[in-house]
Amino acid sequence: MPSKYQPQVSAWREDLYKGVYTTQLPLTNNKKLRYANDDYCELSRRFTGMGSLLIRLIVIILFFICVLMIISGLVAVLFAIFYLDTHKALFILSFFLFLISSPIFIQFFLTFLFCPEDCPVRFNRKTGKVYVYDHFLLYCGSWATFTRSPFRAKEITVKEFNWADIQGCMTSVSVPLASGGMIRNYRLECVVCEPNTTKVIDHFLLATGSSLGYEWMWINSYMAFSDNNLDAEFMPEEDFTWPIKVNWPEEIDKKSKASSLEEYQQIDAEYKKLGNK
């Protein structure tokens, strides 16, 4: 049976229940909670390879070596095309292969170099708004990987949604092993629907790994002001973090911390007025 939210997200597995969850033990946030008070909470979306300083440095070095090899290959192939008389067709084909692959490796190198330490998401239960701090790396694998300029790696986008329009979906991808068995990767996707419909207009990745359901249950209970059963322990601090920090735009930062819908509307009106000047 397909998802009731259409168009269906890729590798869909199941739609998740949206509402208050109660369990005997406190609902864990899987050590993803960056901050929380009575107005809003901020959860980490720091995925594998994004947070560890050592892993990030290793990946940057590897991609840098790949970029150098590709540039060297392009120079060598160009030399062969102009100065060698044999196998020109093979050299021309090699040139185009190097040319096509170079933007991809450059993009990944610059992305890992400039992407922030985290790409969190904020949930404001007083205003019913959700704010997603996003970086392109989170969606690598889309067609934009090939069409997007690699020199836009510094680009950060912040999106605002209504919590009422957000639903949860579990997705999974299975990879067979040569020795037998499978490795299954799970992802928790949030789909954004048009108000009072099941038509999906946007989506964002919330979490990957195991125990994803607990994070969704924690968020649902928090947004419903059901705090008695929530684990409120913040995520552990690391001794070394990437120097490029999370930097919320001033307007979004104020809106996401508003204590009421009236305060949110006042902030929105102030910035609209400034924008018209």
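Values in this text are rule-based calculations from the coordinates and carry no lab data. Given the structure is predicted, the values throughout are model-derived calculations rather than measurements. Cβ: placed from backbone, ideal geometry, glycine included. Neighbour counts: every protein chain shown.
Here are the numbers:
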item	result
Hydrodynamic radius of the range 54-114 per Kirkwood, over alpha carbon pairs, in Å	12.5 Å
At R0 = 22 Å, FRET efficiency that the Cβ-Cβ distance of Phe96 and Trp12 yields, to 0.05	0.05
For the chain, with +1 on Lys and Arg beta carbons and -1 on Asp and Glu, the positive-most of Met223, Leu113, Ala76 along the dipole	Ala76
Value of relative contact order over the chain, rounded to a whole percent, pairs C-alpha under 8 Å and six or more apart	28 percent
Relative contact order (%) - the range 54-114, alpha-carbon pairs under 8 angstrom, separation at least six	51 percent
Set of lysines near Lys154 by C-alpha distance (under 18 Å), chain-local residues within fewer than 8 positions excluded	Lys245
FRET E, pair Leu177, Arg152, Förster distance 30 Å, beta-carbon r, rounded to 0.05	0.25
Per-q log10 I(q)/I(0), the chain, q = 0.08, 0.14, 0.15 Å⁻¹ (Debye; single scatterer per alpha-carbon; no solvent)	-0.44, -1.12, -1.24
Acute angle (nearest 10 degrees) that the helix 212-223 long axis makes with the longest principal axis of the chain, alpha-carbon atoms	40 degrees
Long-range HN-HN contacts of Arg13 with modeled amide H, under 5 Å	Met170, Thr171, Ser172
Positive-end residue, the chain charge dipole about Cα centroid, Cβ charges, pick of Val132, Phe234, Cys66	Cys66
Alpha-carbon centroid distance for the pair the range 149-192 / the range 33-101, whole angstrom	21 Å
Fully extended contour minus Cα-Cα distance, from Thr241 to Asp253, at 0.36 nm per residue	2.1 nm
Stretch gain in nm, segment Arg184-Lys199, where the contour uses 0.36 nm per residue and the Cα spacing is subtracted	2.6 nm
